[in-house]
Each structure stands twice: as structure tokens, then as C-alpha cells.
Amino acid sequence: MLSKHSLTVKAMKASLEKTVEQTAAKHAASQGGLLPCLHEIQAKLGYIPNAHLENIATAFSLSTAEVHGVVSFYHDLRTSPSAPQSIQICCAEACQASGSRELEAGVAGVLGVEFDETHPTHNYRLERVYCLGNCACGPSIRINDDVYGRVDLESLPQLVTEAVQL
Amino acid sequence: MTITVYISQDTTAVAVGAERVATAFVQAALNAELNYTLVRNGSRGAFGLEPLIEIEMGAQGRLAFGPVSVADVPSLVTAITDGGYERHSNYLGPVSTIPWLENQTRITFKRCGEGAPTDLANYRALGGYRGLEHALTLSPQAIVDEIKVSGLRGRGGAAFPTGIKWQTVLDAQGEQKYIVCNADEGDSGTFADRLLMEADPYQLIEGMTISGLAVGATKGFIYLRSEYPRAQKMLERAIDVAIAEGYLGADLCGSGQRFELEVRMGAGSYICGEETALLNSLEGKRGVVRAKPPLPALEGLFGKPTAVNNVLTLASVSSILADGGAEYARHGLDRSKGTMPLQLAGNIQRGGLIEVPFGVSLNKVINEWGGGTRSGRPVRAVQVGGPLGAYLSSDQLDVPLTYEALAELGGMLGHGGIVVFDDTVDMAKQAHFAMDFCAKESCGKCTPCRIGAVRGREVLDRVVDSTASSNDLILLCDLCETMEQASLCAMGGLTPLPVKSAMDNFPEDFGVTDNQYEVAV
Ligand SMILES: Cc1cc2nc3c(=O)[nH]c(=O)nc-3n(C[C@H](O)[C@H](O)[C@H](O)COP(=O)(O)O)c2cc1C
Ligand code: SF4
Ligand code: FES
């Protein structure tokens, strides 16, 4: 059992590494290709594995510390595994003016997940976001690539049920 | 009779139900055996009327119905097939007579909502690419001169004269130069860039191509925030079509001139809207602000001469080259030339995009276009110019919207965002948010901002908890002064603006008596 388990883990690690290396090779020659590269790795894997920052660094002729510096700077990028789907609650001023403070305060209770965490049973992560460009019809939320307007604590659960894939 | 039906695919239109309405329309039309063509257009920005359905039949021109709900659709389809649509509860009359739109001066947004955003033939039929065709007959200097005549100032916030910036890039020595479009639109309360990119992407592409000819740049990048996935798809599709039709690439319209364009995505960092942080981000680095000089115009992207301009600035260039700089400069007031796309947001009945000549009063925008607050309660505060703009009180609303008049009030017009709050707002919490946002988004390069914002937030923690002393307010004012005077960029330099305007205009929310407050200030 144990050895079989460690074999799978090994195989998974190797496949992660391969994805990272291939993606890095694809972007390394393009000017300023690091950010598009990181975006693509995260899109494929859901995160950017710390263990393989070195592979990225090698492809771009940078130090691992430099790549880490870039990854850690941007709110969108993460180095720990995460659910593939996300729900973002807009917490910026225009949405505050139309009721997002209540949404922000109550969402964890209604959905059963804290901000910046993955839902224990559903396949999404809850995040804050600062403006989705839907400020005339807030409070706004984004579920994956779709934006919803005029959302409140009452309408939220139904939206989530319809839009999130289990 | 041919019938064309328009339903928007804009982010906000869809956010309030346009997709469901479109699906319901298709079903109802099928049941009623209606013959029609469906066009998914961009939005006109009258968001109070979305989901909006426009119907073009015979000689009547385009008729508007809105806001339409799924439940309204079957009766609407019946009203079209059987006649009597004028009596339908959603009927608004011809599009051209909708008051929201009728009272605007649309130059940059004139095509938005007219047709399918990536339909190049439609763009051309509506006057698109006349500007580029004209520019291709001019010398680079003549293009820059035309922009100078227009009086165009940057729409990204700082309002720097575009012609002067371009002259610097044109005069700079360098084999390789770049055009960078700032599509980071991070300010809460703003969505004009997004609306334009989703509704009329060719106008931006054309403007960037013209700017390339003007300064001698053969490559452009659009730095787009990751919060705008629809705009990304629209731009990428439009770029593909423009390449296929010879409007981008190695031989622009057969002229032998080259211009290439690429979209690059941001990664959720507000400070990357600041132009030098943006350039670092485009280079694949941390989005840290660079000290100026050197100016980006001389040493910008990858160290090369670079013109960085906002989406609306670059889009305006298309109409300026099509109709002439003098025509553009006819609009506006003082040194605020042309039109300003205002964005009305927050607690408002009818929010959306309002393109008007500079000088319209804030009151008129909020009450006549906006119809007052959505909650129906009195307006208490209005933040103009994004997260770094001042909070105005309800007795300051007769200010004319020009760069100069807002500066006189101690505020700024910025990118044109107007966020309305009703009387339930707690201004100490808004001041707290401003400091908190700065602390979270600071690039960390300079101490006044990196440390000052954290200290400011701590003081405001106590104000919000009602445990602050008058010493705390003195400390807060000191911090604001240090940030204002010693920060490297406007992030730290302007965060005190919302904080101090909240304290000045709404002292009662800061839990101190007038007496203590005066000591503090
Ligand atoms: C913190 C900060 C954020 C900014 N965000 C944006 C932005 O999102 N979009 C933009 O066009 N300009 C933004 N700017 C202004 C840019 O630095 C720059 O002035 C602008 O892109 C120049 O283009 P323009 O002359 O066409 O306005 C920001 C500035 C600062 C200090
Ligand atoms: S003011 Fe803030 S954001 Fe601007 S350079 Fe300094 S630390 Fe960076
Ligand atoms: S502030 Fe929430 S969408 Fe803009």
C-alpha cells in the first residue's frame, strides 16, 4: 500500500514538473514572458508549485528568489493548491455604497466557507476582489468568469448553486 | 419585413440578466415563428435600462425596450408580431430619444452599442478607420501636431497633455519604441475602459496604431486587468480580425508600415495601474514603482522610449484624426478640452456611462441622469475620481466637472468615476478603507506609504471602535502630511485625500467634539 501510494505521489510530482517545464520553455523566449507563463501554469494546475519555481527560474535565466519575488507580489498568484473554481465578492467603494459591506460580513455564514479558503465540500474558493467594473449595478460578485450584479445575502445561495459545478 | 434584435453582451448587461433574456427571446421567437436576426452588441452604458432590447423593423429605426426581465419576453414578442408594441410596459420609444442618451455628446462612445463589437465591416460603415487612413497620409510630426491642436489630456487620471508626451517619444532616439495601453482600470466606480473595449474594441486598436505611426513605434501592448475576462476575449478576437484584414501587422493597409499588438494580463495588483509599475509588470517583474526620471517616454518598456496612455486617451485619437483636432477642441471648458466619459456608480437609481463636455455640474449628473439614490434616501457623500479621490459632501455638489474646478475643491476628477453614498454611510469606515487599501496595495518601495498606511489604518481602527483620543487624530493628520509630501507616487501621495476630506467634511463621524477636532487639524 505504502509503496504504491508513494509511487503515485512520485508520478504526480513528475507530471507537475513536466507541465511547469513545458510551459516555461514556451514563454521563456518571449519578451516579458514570465507573467504570462505564471498565469498559464496556474490556469493548468490551479497554483504555482513552490517546489518547481527553480525550473521556471532556469528557463528564464533568473534566480529562484527572483521568481519567488514575482509570484509573491501579485494577489492573483498562489503557491498552494486550490479549488479550480472561485467566488469573488467585490469589496470596493462603489459596491460598499450599494450594500457589499453586509454581503462581505455575512457571506461566510451563508456559504459555509471563510475568505481565502476552499469550501470543505464544494469545489470553489472564496475571495475578496476590488472592483469588477460592474459598479453601476453593485453589489457585484464573480463566479469563475461570470459577473453578477445586485447581489445580496438572500440571492447569493441560489446563484452559487446554479453557477458552481460540484 | 426584416427584423433585427439587439441584446447586449456587456459585462454589466449580462450581470443583470441579458444572457437569460436573450435565451428567453430565442425561445419565445421560435414559438411565435418570428423571423429575425439576433445581434449581440456592446452596451450603450445606460445601465439603468439593462437588459435592454433594441428592435429594428422597417422604417421606424431602432426601438428600445427595457429593463426587460425574462417574464416580460413572451408578451414583448407578441407585441412585435401582432403590433401594439407602443403599449408594452417596457417600451421606451426610439433609441435616439432616450433621455439618458439624448442629452450626451458622444464622441468616443458614439459607436458603442450600435453593432456586434468585433464586426469590422460594421465598424468601417460607422466611420471607423477613417482616422488611420488619414494618419497614413501624414508625417509623424503632423499627427502629433493634430493631437496638440485637440488639447487632449490623458484620461487615466493625471490629465497630462498627450501631444507633449508623444512629442517626447517622437524626438527620443531609438530603433525600437513602444506604445503601451494602460487598461488596468483599477479605480472602483469606473468602467468606461471596460465598456469601450467590450463594445468598440477596434477604436482602441485604431488609436494605438495611429499612435505607433506618430511616435515611430512598431509594437504595442495592452495591459489588461485580470478582472476583465470579457474584454480580453473581445480584444483578442478583434486583433485577430484586424490582422487578417491588414489593419495590423507588417503592411498596414498596404502602406508598408508596421504595427503589431498584443494583450497582456495583469494579476490583481492595483498599483500596476501606475505607469512605471505597469512597465515593470509587463517586463515580467514585481510591479514596483520606478523613480522618475528617467521618464518612460525616454526609457520605458525594456528601457526603450515608450508612450503609456489610457484606453480612452488612445481611443479618442481615432476620432481626432478622423475629424480633426480643432473639431475635438470645440467641446469643453477652459483647459479641459473635449468630452469626458463620466461613470455614475454606487448607490444610484440609474448608473452608467455619461459622455459630456467638461463643465456639467455634479448635481445634474447625480439627479438628472442618475435619478438620485437607489435606496431613495438622501445623498450624503460622493467620492469623485476613484479610491484616491476626495469625498465631497452634499453641499458641494454644484461643482462643475472640470479638472480645474475639482482641484480647487481639493479633489480630483481622475478617470471620471462618481460614487454616490446615501446617509447610512459611516465616513470613518470609508477613511479606514482608504488607508487599508493603500496598506494592501502599496508596492513597498517607499517608507511613507508602506509604513504610513499601516499606522494610519491602526489609528482608524480605534476611530471605528470609538476608542480614539484627540491625540490619535493629530497623529493621523501628521501621517497624512508625511504621506502627501514624501511618497514617491500618487498611491501614497493621494491616499490622504479621501481620508482628510472625510475628516474635514464629516467630522461628526470621527467621534470627537468640534473643539478637539480643531486642535487636531
Ligand atoms: C496608484 C495609481 C493607479 C493608477 N491606475 C491607473 C489605471 O488603472 N489606468 C490608467 O489609465 N492610469 C492609471 N494611473 C495613471 C498612470 O500612472 C498614467 O498616468 C496613465 O496611464 C497615463 O496615461 P494618460 O496620459 O493617457 O492618462 C494610475 C496612477 C497611480 C498613481
Ligand atoms: S507611494 Fe506607495 S505605491 Fe507609490 S512608490 Fe511609494 S510605496 Fe510604492
Ligand atoms: S466597486 Fe464593485 S464592481 Fe466596481
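The values are calculated or read from the model by the stated rules, or taken from the named source; none is laboratory data. Everything quoted here is computed from the prediction, not taken from an experiment. With ideal geometry, Cβ positions are generated from the backbone for all residues, glycine too; neighbour counts draw on all protein chains shown. Accessible surface areas use protein heavy atoms only, side chains included; no ligands, DNA or RNA. Shrake-Rupley method; radii C 1.70, N 1.55, O 1.52, S 1.80 Å.
In table form, for the structure just shown:
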{"item": "Cβ-based net charge around residue B:322, under 15 Å, with every Lys or Arg adding one and every Asp or Glu removing one", "result": "0"}
{"item": "Segment A:34-166 shape via C-alpha gyration tensor axes, a/c threshold 1.5", "result": "prolate"}
{"item": "Total charge dipole magnitude, segment A:4-73, about the Cα centre, Cβ charges on Lys, Arg, Asp, Glu only, Debye to nearest 20", "result": "340 debye"}
{"item": "For segment B:120-329: rounded, prolate or oblate by the Cα gyration tensor [a/c cutoff 1.5]", "result": "rounded"}
{"item": "Per residue solvent-accessible surface (Å²) - segment B:430-493, probe of 1.4 Å", "result": "42 Å²"}
{"item": "P(r) weight above 40 Å for chain B, C-alpha pairs, percent", "result": "26 percent"}
{"item": "Residue B:38 long-range amide H proximity, modeled H, under 5 Å", "result": "B:5"}
{"item": "Solvent exposure of segment A:4-73 as accessible area per residue, Å², 1.4 Å probe", "result": "54 Å²"}
{"item": "Interface residues in segment B:153-193 - accessible area drops by 40 Å² or more relative to the isolated chain, probe 1.4 Å", "result": "B:188"}
{"item": "Interface B:A - total buried accessible surface [probe 1.4 Å, Å², rounded to 100]", "result": "3700 Å²"}
{"item": "Per-residue SASA entry for residue A:86, accessible area with 1.4 Å probe, Å² rounded to 10", "result": "30 Å²"}
{"item": "Residue A:105-residue B:176 pseudo-label distance in nm [points 7 Å out on the Cα-to-Cβ vector]", "result": "5.3 nm"}
{"item": "Share of carbon and sulfur in the accessible heavy-atom surface of chain A [1.4 Å probe, %]", "result": "53 percent"}
{"item": "Relative contact order (%) - segment B:345-422, alpha-carbon pairs under 8 angstrom, separation at least six", "result": "39 percent"}
{"item": "Calculated diffusion of segment B:70-120, Stokes-Einstein form, Kirkwood radius summed over Cα pairs, 10 °C and 1.306 mPa s, µm²/s", "result": "119 µm²/s"}
{"item": "Residue (of B:280, B:307, B:296) at the positive-pole extreme of segment B:168-323, dipole from beta-carbon charges", "result": "B:280"}
{"item": "Square roots of five times the Cα gyration tensor eigenvalues for segment B:345-422, Å", "result": "18, 13, 11"}
{"item": "In sequence order, calculated HN-Hα J values of segment B:157-164 (Karplus, 6.51, -1.76, 1.60; Hz; x Gly/Pro)", "result": "x, 7, 6, 6, x, 5, x, 5"}
{"item": "Simple label model, 7 Å out from Cα along Cβ direction - residue B:440 to residue B:4, nm", "result": "4.4 nm"}
{"item": "Unpartnered cysteines - no second Cys beta carbon under 4.7 Å - across chain A", "result": "A:37, A:91, A:131, A:135, A:137"}
{"item": "Members of segment A:86-107 that become less accessible by 50 Å² or more once partner protein chains are added (1.4 angstrom probe, chain alone as reference)", "result": "A:93, A:97, A:101"}
{"item": "Residue (of B:158, B:112, B:134) at the positive-pole extreme of chain B, dipole from beta-carbon charges", "result": "B:134"}
{"item": "Probe 1.4 Å - accessible area at residue B:243, Å² to nearest ten", "result": "90 Å²"}
{"item": "Fraction of the pair-distance distribution of segment B:427-520 above 16 Å, Cα-Cα pairs, percent", "result": "46 percent"}
{"item": "Surface share of carbon and sulfur [accessible, 1.4 angstrom probe, percent] for segment B:345-422", "result": "45 percent"}
{"item": "Buried on assembly, segment A:20-61 (at least 40 Å² less accessible surface than by itself, 1.4 Å probe)", "result": "A:31, A:32, A:35, A:39"}
{"item": "The protein assembly as shown: Cα Rg divided by the 2.2 N^0.38 Å rule of thumb", "result": "0.96"}
